[in-house]
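Undergrad: One structure, as structure tokens, below. Some questions next.
The values are calculated or read from the model by the stated rules, or taken from the named source; none is laboratory data. Quick caveat, the model's predicted, so the values are computed rather than measured. Reconstructed Cβ throughout: ideal geometry from the backbone, glycine too, with neighbour counts over all protein chains shown.
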Amino acid sequence: MDCRVLSIQSHVVRGYVGNKSATFPLQVLGFEVDSINSVQFSNHTGYTRDVSFLEMVVSMVQELKGTNPSLVYVCDPVLGDNGAMYVPEDLLPVYREKVVPVADIITPNQFEAELLTGKKISTEKDAVEAIDLLHAMGPHTVVITSSDLLSPLGDQHLVALGSQTTVGAGGTKEKQQIRMDIPKVDAVFVGTGDLFAAMLLAWTHHHPNDLKTACEKTVSGMQHVIKRTITYAKEMAGPGSRPSPAQLELRVVQSKADIEEPSIAVEATVL
């Protein structure tokens with residue numbers, strides 16, 4: 001039986017963002033993909049969303065889960081970053097009360113996790129507590145994709161944290177929590193969040209009870225894509241010149257082999 005994904009994201013004509021960033025990796029990793037474009041732009045300008053659209057997504061998820069209880073809904077709550085929201089504030093309660101509760105996997109950044117839980121994250125303990133609050137809202141898998149927490153490897157790494165609850169033998173609940181220390185890159189990319197969510201969905205499907213392996217393959221695949229992109233961008237920009245946004249468009253298709261079988265570049269630590 002084919003594994004199918006319904007991808008509801010923005011679409012841009014130029015660059016790998018939204019559905020363009022997610023579809024190819026999912027296909028490479030064995031999924032049939034049906035896409036619905038929430039918005040369509042000639043180039044990336046951010047995300048446009050409203051309450052009625054989010055409520056429609058929730059209704060669709062509930063209907064699909066009624067037909068197929070094994071359906072997995074991945075939510076990347078695109079709310080903001082670096083202390084600032086870039087969507088209307090009236091979307092926040094809809095995410096808290098309606099969207100997150102029907103999600104199985106959620107991939108917020110630190111700021112989004114703080115918004116959704118109302119908890120400030122200053123330490124790893126704070127992050128774990130925020131993750132537990134998100135679990136309590138509904139999702140069985142939570143990954144804070146980036147944070148301002150200090151990495152034990154130094155300030156050239158950012159910290160991501162993940163947690164997955166599973167039901168073990170005899171119906172007992174088990175939880176695996178991990179931390180990943182990811183090398184920083186001195187460049188700004190668009191579409192990385194969409195790519196991350198797509199690959200996390202794929203690898204958690206292939207490793208359903210092993211968040212550590214799923215996250216290692218997801219993050220390592222991302223690192224290979226980013227490395228190839230920055231190498232290409234610097235070549236195009238030339239010596240001494242900073243690459244333009246167009247030159248930094250993700251080299252997704254060129255990274256097919258690394259997406260399909262990523263060599264592990266970043267290992268996760270089990271907490």
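Undergrad: For residues that are β-branched (Val, Ile, Thr) and part of a helix (DSSP H, G or I), scanning just the stretch 224-263, find the one that is nearest to residue 181 (Cα to Cα).
TA: Among residues in the stretch 224-263 that are β-branched (Val, Ile, Thr) and part of a helix (DSSP H, G or I), the one nearest to residue 181 (Cα to Cα) is 226.
Undergrad: Residue 87 passes all but one of (1) part of a helix (DSSP H, G or I); (2) closer than 23 Å to residue 198 by Cα; (3) touching a strand residue (DSSP E or B) at 6+ places or on another chain (Cβ under 9 Å); which number fails?
TA: Tallying (1) part of a helix (DSSP H, G or I); (2) closer than 23 Å to residue 198 by Cα; (3) touching a strand residue (DSSP E or B) at 6+ places or on another chain (Cβ under 9 Å), residue 87 fails exactly one: (1).
Listed here are the residues, each with its yes/no results for (1) under 26 Å from residue 124 (Cα atoms); (2) basic (Lys, Arg); (3) in contact with a helix residue (DSSP H, G or I) (Cβ under 6 Å, 6 or more places away or on another chain).
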residue: 194; (1), (2), (3): yes, no, yes
residue: 200; (1), (2), (3): yes, no, yes
residue: 212; (1), (2), (3): yes, yes, no
residue: 216; (1), (2), (3): yes, no, no
residue: 232; (1), (2), (3): no, no, no
residue: 241; (1), (2), (3): no, no, no
residue: 244; (1), (2), (3): no, no, no
residue: 259; (1), (2), (3): no, no, yes
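Undergrad: Shifting gears a bit: Take the stretch 209-223 and flag every residue that is in contact with a strand residue (DSSP E or B) (Cβ under 6 Å, 6 or more places away or on another chain) and either of a type in the set (Ser, Thr, Tyr) or in a helix (DSSP H, G or I) (or both).
TA: Answer for the stretch 209-223, where residues must be in contact with a strand residue (DSSP E or B) (Cβ under 6 Å, 6 or more places away or on another chain) and either of a type in the set (Ser, Thr, Tyr) or in a helix (DSSP H, G or I) (or both): 211, 212, 215, 216, 219.
Undergrad: Here's a follow-up. Here are some residues: 170, 238. Which one is at pLDDT below 90 and either over 25 Å from residue 106 (Cα atoms) or of a type in the set (S, T, N, Q) (or both)?
TA: Exactly one of 170, 238 is at pLDDT below 90 and either over 25 Å from residue 106 (Cα atoms) or of a type in the set (S, T, N, Q) (or both), namely 170.
Undergrad: When you scan the stretch 185-193, do you find a residue that is within 24 Å of residue 78 (Cβ to Cβ), surrounded by 14 or more Cβ atoms within 10 Å (Cβ to Cβ) and in contact with a strand residue (DSSP E or B) (Cβ under 9 Å, 6 or more places away or on another chain), even just one?
TA: Among the residues of the stretch 185-193, at least one is within 24 Å of residue 78 (Cβ to Cβ), surrounded by 14 or more Cβ atoms within 10 Å (Cβ to Cβ) and in contact with a strand residue (DSSP E or B) (Cβ under 9 Å, 6 or more places away or on another chain), which makes the answer yes.
Undergrad: Report every pair of residues separated by at least 6 positions or lying on different chains whose Cβ atoms are under 9 Å apart, first residue within the stretch 19-34 and of a type outside the set (A, V, I, L, M) and in a strand (DSSP E or B), second at pLDDT 85 or above and surrounded by fewer than 20 Cβ atoms within 10 Å (Cβ to Cβ).
TA: From the stretch 19-34, the pairs are 31/205.
Undergrad: Across the stretch 228-258, which residue is surrounded by the fewest Cβ atoms within 10 Å (Cβ to Cβ) among those that are without any contact (Cβ under 8 Å) to a residue 40 or more places away in the chain and closer than 21 Å to residue 158 by Cα?
TA: Per the stated criteria, the residue is 231.
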